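The values are calculated or read from the model by the stated rules, or taken from the named source; none is laboratory data. Predicted model, so just to flag it, every value in this text is computed and none were measured. Glycine also receives a Cβ, built like all others from the backbone with ideal geometry; neighbour counts cover every protein chain displayed.
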Amino acid sequence: MESVEELVNELGGKITNRYKLIKGFSMEFDDSYLNILKNQIERLNMNMDGRYHINLEEDQIVHANTVR
């Protein structure tokens, strides 16, 4: 995980939260570097021999429906 965080920082991103329960983090990141980040994450996934999985996804708005 640390190498991904370092990569985000090197590309000008900012780690905004670290999560211990799911071993992850959130970040703010300039979209212009997104393809570089995705390619590097894909390379890291291949080098981890299936021990970890790195997933990159954009924040989305979640709505809760009220059931009565």
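Some notes on this structure:
- Residue pairs whose Cβ atoms lie under 6 Å apart, sitting 6 or more positions apart in sequence or on different chains, and linking a residue in the range 17-34 that is under 19 Å from His53 (Cα atoms) to a partner that is aromatic (Phe, Trp, Tyr) and assigned to a strand (DSSP E or B), are Arg18/Phe25.
- Just one residue in the set Lys38, Lys23 is within 16 Å of Glu5 (Cα to Cα), surrounded by 10 or more Cβ atoms within 10 Å (Cβ to Cβ) and either in contact with a Pro (Cβ under 6 Å, 6 or more places away or on another chain) or of a type in the set (Lys, Arg) (or both); that residue is Lys38.
- The number of residues in the range 1-19 being in a loop (DSSP other than H, G, I, E, B) and either at pLDDT below 90 or within 15 Å of Leu56 (Cβ to Cβ) (or both) comes to 3.
- One residue stands out among those in the range 49-58 that are closer than 21 Å to Asn9 by Cα and exposed (fewer than 11 other Cβ atoms within 10 Å of the Cβ): the one that is farthest from the chain's Cα centre (by Cα), which is His53.
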